[in-house]
């Protein structure tokens, strides 16, 4: 009987020691080492690929945001947000963050529509979005050709959080942005070119423009 109790006590003691050692190694030392390496070697990426403007974090390079006018009634959930046309606009989404050029950055739930290509609701959304792109971006001396409106201007990404648009969509917005901010069209077009990224390694993906980075560059140009 005593031997049985002794053996049980030794087994329990060994198990507790193993639990303690594994907890310290796997739950404390390993996370600290991995976190330290990540901070030292990939600090910006480890912290969420933050983008700063004016010394403040205004968003993430990986998450899209909207650029809308403030609601007339902030408490009215049914009021549709209207785009602030002095900024470059992102692609449509089922939910994006608030305008990050100011301090109202707030991520909300987002995702894909899950609607099929022949769904009447999706078809109407695309047609309405295309009409809005043509109307919003046509100016006194520049008319948007509906045939030139790219797909990303009227459809959301699978995640609904895509931070980039195509250079084609950005260039459609140049005249409107220049007019709203009293800038020369060539100046704004240059901003788009400077903030455009090519295909990864020259052949992966498509050329793209990060809307947040582009709007930060636009803000800096306007302030000058």
query = Any residue at all in the stretch 108-125 that is at pLDDT below 90, buried (at least 17 other Cβ atoms within 10 Å of the Cβ) and over 15 Å from the mean Cα position of the chain (by Cα)?
reply = yes
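Kindly indicate whether residue 190 is in a helix (DSSP H, G or I) and in contact (Cβ under 8 Å) with a residue 12 or more places away in the chain.
Values: in a helix (DSSP H, G or I): yes; in contact (Cβ under 8 Å) with a residue 12 or more places away in the chain: no.
No; evaluated as a whole, the condition is false for this residue.
Table: residues versus (1) at pLDDT 85 or above; (2) assigned to a helix (DSSP H, G or I); (3) closer than 26 Å to residue 128 by Cα.
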{"site": "48", "(1), (2), (3)": "no, no, no"}
{"site": "71", "(1), (2), (3)": "no, no, yes"}
{"site": "76", "(1), (2), (3)": "no, no, yes"}
{"site": "79", "(1), (2), (3)": "no, no, yes"}
{"site": "91", "(1), (2), (3)": "yes, no, yes"}
{"site": "94", "(1), (2), (3)": "no, no, yes"}
{"site": "99", "(1), (2), (3)": "no, no, yes"}
{"site": "103", "(1), (2), (3)": "no, no, no"}
Conditions (1) farther than 23 Å from residue 215 by Cβ; (2) at pLDDT below 85; number of the one not met by residue 32 = (2)
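Looking at 180, 219, 190, can you tell me which residue is surrounded by fewer than 19 Cβ atoms within 10 Å (Cβ to Cβ), closer than 23 Å to residue 134 by Cβ and in the same structural domain as residue 130 (by TED's automatic domain parsing)?
Details: 219 fails: closer than 23 Å to residue 134 by Cβ; 190 fails: closer than 23 Å to residue 134 by Cβ.
Only one candidate passes the filter, namely 180.
Considering only residues that are crowded, with 20+ Cβ neighbours inside 10 Å and in contact with a helix residue (DSSP H, G or I) (Cβ under 9 Å, 6 or more places away or on another chain), look in the stretch 58-74 and name the one that is nearest to residue 48 (Cα to Cα). Give the steps one after another, and end with the answer.
Taking the stretch 58-74 first, the residues crowded, with 20+ Cβ neighbours inside 10 Å are 58-60, 63-67.
Checking which are in contact with a helix residue (DSSP H, G or I) (Cβ under 9 Å, 6 or more places away or on another chain) leaves us with 58-60, 63-65, 67.
Values: 58: 12, 59: 9, 60: 6, 63: 10, 64: 13, 65: 15, 67: 21 Å.
Of everything passing the filter in the stretch 58-74, 60 is nearest to residue 48 (Cα to Cα).
For (1) modelled with pLDDT of 90 or more; (2) surrounded by 11 or more Cβ atoms within 10 Å (Cβ to Cβ); (3) not assigned by TED's automatic domain parsing to the domain that holds residue 63, each residue gets a yes or a no:
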{"site": "13", "(1), (2), (3)": "no, no, yes"}
{"site": "22", "(1), (2), (3)": "yes, no, yes"}
{"site": "26", "(1), (2), (3)": "yes, no, yes"}
{"site": "37", "(1), (2), (3)": "yes, yes, yes"}
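The values are calculated or read from the model by the stated rules, or taken from the named source; none is laboratory data. Note that the structure is a prediction, hence the values are computed from the model and not measured. Every residue, glycine among them, receives a Cβ derived from its backbone with ideal geometry; neighbour counts consider all protein chains shown.
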